[in-house]
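Heads up, the thing below is written out as structure tokens.
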Amino acid sequence: MTRPGPAPSPVPVSDQVEIHPGPALLVGTADGPTLTAHHRRYGPPPQVDLPTLEALVTAVGLRGRGGAAFPFATKLRAAAQAAGARRGPVVVVNLSEGEPASAKDSALAVCRPHLVLDGAVATARALGADEVHLVLPGDRPTARHQVRQAVAERRDQVRVRLHTAGRRFVSGQARAVVELMSGRPGLPVTAWVPEAVSGYQGRPTLLSNAETWAQVGRLLHVGQAEFQRHGTADEAGTTLLTVSRQGAVPQVHEVPFGARLADVLPAAARGSVVLVGGFHGVWATWDTLVDVRVSVPGMDALGLPLGAGIVHVLDPDGCPLGFTGAVVDYLAGQSAGRCGPCLNGLPALAAAVRAVVDGRDADDRIDRLARMLVGRGACAHPDGTVRLVRSVFAALPDEIAAHRQGRCSADRSVAHQRSGGFS
Amino acid sequence: MTHQLRVDWPRCQARGLCYELLPEIVGLDEWGHPLVHGAVPNDLLAHARSAVRACPQVALRLVDAPPRRSAGG
């Protein structure tokens, strides 16, 4: 007897992206993605020595754009120091974009691939690395094709190697990527030291998100002063956000740090709730968001971590509880299936959330499962899922209370759907 | 120097030897996987080392630093 397959993502991966012109990374998108157009706008590939590169990324406080917002300078320094003692370092561009609702990395792939590559290649050369690895998305053929075309146009001094990530949600995790590059299943493994110190083949592995590399590339081309023209004094530059809605092509916006988040949200957000940070993110009502400024430390302090910049606007007719249930069902199926707490705990958490959707009391169960899941796995997949579930209780207590009484915010008539109904 | 027990989660198969050898520090969740409560005090270090050696999956390590994990770049 066959088991049912894993639950699908409530937000499907989109091969199309609606890219909004921006002030920095996304300026001149009408130029097209060719190398010729890129050279016309930015000039030849930048070359930089390691001390200058370190100084630049430190001065602008560049953080990674893959979700953890880790200071890039710290990672760069770790790789540089380890490179002295071990075999040659490698640079890895993570364009796997494993989160279905995200589209910012694919947007860069189709309109600014050479900025990504310039940043990665210049850093590789500064580090003395002769290999740049690109990890492409398994389920976005247009982005994959564009990156291959861009690579084919170039004549870099480093060897560029391409890999295609699996379609699992966890496939884009750093160690999973290193495993993939090594010819093993692309699943997270325990990291005893950071990959910047010892990763691929035991070599210092500077792995960062595609947008991080684009930011580095742009910084090297335009210089510190121009880079710092956008953003705030404490947080220089811009960041890419994906605004996601059910049934709509995802929109990618470039936003300077300090700008109002609400400015890029559609009018429909006013009457609805928003999931900030994607499937491992946090629910927020419009009232909470109306004055929020886009900022990594700022939004962290508000308990609304930006993550990889995904903002999903729930359909005004949708139920956030039902949607959360569908997300947790999906995330449970996306586990690598190897770490016991995640393998066992996520399906149990999904069942508990379904109970809450059905109006039953599962608060204690969810609390116990949450404490059992956090910090007990090779990656942050269980932690992120717990964050999502906890946020429903924190941000949407009225919704939970309504379900207890047999109602739902998605009710529009007597014949409504509760569990299983989501938007 | 603080010692911490760290579980190599993809390897752990809930065999439970760590719990049997070091119940002061290791509990079990409802599926039999280890729950590590805090650091290893010096007087239990020898037992902790036994637990590390005894794990059939080589899924337990004694480390000097607090736990960390990598992200996605």
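The values are calculated or read from the model by the stated rules, or taken from the named source; none is laboratory data. The structure presented is a predicted model; accordingly, all values stated were derived computationally and were not measured. Every residue, glycine as well, gets a Cβ built from its backbone with ideal geometry; the counts of neighbours run over all protein chains shown.
Laid out as a table, the results:
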{"item": "Members of the stretch A:250-272 that are surrounded by 14 or more Cβ atoms within 10 Å (Cβ to Cβ) and in a loop (DSSP other than H, G, I, E, B)", "result": "A:250, A:257, A:258, A:259, A:265, A:272"}
{"item": "Unmet criterion (only one of (1) outside any helix (DSSP H, G or I); (2) buried (at least 22 other Cβ atoms within 10 Å of the Cβ); (3) acidic (Asp, Glu)) for residue A:234", "result": "(2)"}
{"item": "Those residues of the stretch A:1-38 which are within 22 Å of residue A:225 (Cβ to Cβ) and assigned to a helix (DSSP H, G or I), in sequence order", "result": "A:38"}
{"item": "Residue, farthest from residue A:120 (Cα to Cα), within the stretch A:165-196, restricted to residues that are over 17 Å from the mean Cα position of the chain (by Cα) and polar (S, T, N, Q)", "result": "A:190"}
{"item": "Residue satisfying condition, being among the charged types (D, E, K, R), within 11 Å of chain A (Cβ to nearest Cβ) and more than 14 Å from residue A:190 (Cβ to Cβ), within set B:64, B:8, B:29", "result": "B:29"}
{"item": "Residues of the stretch B:14-38 that turn out to be more than 22 Å from residue A:380 (Cβ to Cβ) and not charged (D, E, K, R), as a count", "result": "12"}
{"item": "Residue satisfying all of: in the stretch B:32-47; farther than 22 Å from residue A:372 by Cβ and of a type in the set (A, V, I, L, M, F, W, C); farthest from the other protein chains (Cβ to nearest Cβ) among these", "result": "B:46"}
{"item": "Tally of residues being surrounded by fewer than 24 Cβ atoms within 10 Å (Cβ to Cβ), small (Gly, Ala, Ser) and in contact with a helix residue (DSSP H, G or I) (Cβ under 7 Å, 6 or more places away or on another chain) across the stretch A:170-197", "result": "2"}
{"item": "Residues of the stretch A:355-374 satisfying the condition of being under 26 Å from residue A:411 (Cα atoms) and either under 26 Å from the mean Cα position of the chain (by Cα) or within 14 Å of chain B (Cβ to nearest Cβ) (or both)", "result": "A:366"}
{"item": "Some residue of the stretch A:336-343 being buried (at least 21 other Cβ atoms within 10 Å of the Cβ) and either more than 14 Å from chain B (Cβ to nearest Cβ) or modelled with pLDDT under 95 (or both)", "result": "no"}
{"item": "Lone qualifier among A:333, A:322, A:377 - being within 14 Å of chain B (Cβ to nearest Cβ) and modelled with pLDDT of 95 or more", "result": "A:377"}
{"item": "Residue check for residue A:300: out of contact with any helix residue (DSSP H, G or I) (no Cβ under 9 Å at 6 or more places or on another chain), charged (D, E, K, R) and at pLDDT below 95", "result": "no"}
{"item": "Residue satisfying all of: in the stretch A:58-117; closer than 15 Å to residue A:174 by Cβ, out of contact with any Pro (no Cβ under 8 Å at 6 or more places or on another chain) and among the β-branched types (Val, Ile, Thr); farthest from the other protein chains (Cβ to nearest Cβ) among these", "result": "A:74"}
{"item": "Filtered residue count, the stretch A:275-325, keeping only those that are over 20 Å from residue A:103 (Cα atoms), surrounded by fewer than 24 Cβ atoms within 10 Å (Cβ to Cβ) and in contact with a Phe, Trp or Tyr (Cβ under 9 Å, 6 or more places away or on another chain)", "result": "3"}
{"item": "Tally, over the stretch A:173-198, of residues that are more than 7 Å from chain B (Cβ to nearest Cβ), touching a residue at least 24 places away in the same chain (Cβ under 8 Å) and either within 22 Å of residue A:210 (Cβ to Cβ) or touching a Gly at 6+ places or on another chain (Cβ under 6 Å) (or both)", "result": "8"}
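A quick yes/no check of all residues on (1) within 10 Å of the chain's Cα centre (by Cα); (2) modelled with pLDDT of 95 or more:
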position	(1), (2)
B:6	yes, yes
B:19	yes, yes
B:31	no, yes
B:37	yes, no
B:40	yes, yes
B:48	yes, yes
B:58	no, yes
B:61	yes, yes
B:66	no, no
